[in-house]
1. Under 12 Å between alpha carbons, and skipping anything fewer than 8 positions from K41 in its own chain: which aspartates and glutamates qualify?
2. May I ask you to list the aspartates and glutamates whose Cα is less than 12 Å away from that of K166, ignoring any residue fewer than eight positions away on the same chain?
3. How much of the DSSP beta bridge set in segment 2-209 is antiparallel, as a percent to the nearest 5?
4. Write out the trypsin sites (Lys or Arg not before Pro) in segment 75-148 meeting two conditions: DSSP loop, and at most 12 other Cβ atoms within 10 Å of their Cβ.
5. Mind sorting out which of [x] 17.7; [y] 18.1; [z] 17.0 is the real Kirkwood radius over Cα pairs in Å computed from the coordinates?
6. Of the listed pairs K43/K67; K2/K175; K2/K43, which have alpha-carbon separations greater than 18 Å here?
7. Which FRET efficiency, nearest 0.05, do Q97 and R173 yield, Cβ-Cβ r, R0 41 Å?
8. Give the relative contact order (percent, whole number) for segment 2-209; include only Cα pairs under 8 Å separated by 6+ residues.
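All of the numbers you see were taken from the coordinates with simple rules; none came from a lab. Just so it is clear, the structure is predicted and the values come from calculations on it, not from any experiment. Every residue, glycine as well, gets a Cβ built from its backbone with ideal geometry; the counts of neighbours run over all protein chains shown.
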Amino acid sequence: MKIEQLLLPKMAVFCYLVSCPKTKEALIIDPGEEEKKLAEKVKQEGLNLKYIVNTHGHWDHTGGNAKLKSLTGALIMMHEADSEMFTSPYAREMAKQMGHEPTPPADIPLKDGDKIKIGEVTFLVIHTPGHTPGGICLLSEGNLFTGDTLFVGGIGRTDLPGSSHKLFMDSIRNKLLTLPDETIVWPGHDYGPVPKSTIELEKKLNPFLRSPF
């Protein structure tokens, strides 16, 4: 598995281009903007972009969906519980205000335990509600893509519509911190002192994860 961590400037979003070196199949996680650059990178590397996967429905992680899909033909995936964030009039108006084309509905709605395959690489979908109802993390080969669930030294917000602090901390404690300590954490924003971490380091150093939750 090849992982490319790409920093998108508007909201310091980390977008990920992940590919199978053998088959050249790929997916992109959270293309919030710079769709043309992302599509060109896919083309330059000779990749077949199969999927656009959103860790949740907020515009800063989904803003590039529509154009990237039109440029590459990739199918959009997101947890079914966040579907309203793609279809409601408020969500569509918010996307326009932020300078993005409203995202199409997900082609493939996801749920907890689903598997996503690109070539010989398989991702496990872990439903981590709390930041949004349909927040997910993706686990593959010891790599955990955490979106706005877990940052380096931080966690996502729980004061937004659809958020729940209790659900959020339950998700982190019961679904993420139970993973092997060496699991690499790839966050959804560049908010920490380093661009990636591990479950072990977050358990030790993240001030938001100190018991009790």
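1. Cross-link targets: E4.
2. Result set, ordered by chain and number: empty.
3. 65 percent
4. K111
5. [z]
6. K2/K175, as the Cα separations exceed 18 Å there.
7. For R0 = 41 Å, the calculated efficiency reads 0.70.
8. The normalised contact order for segment 2-209 reaches 16 percent.
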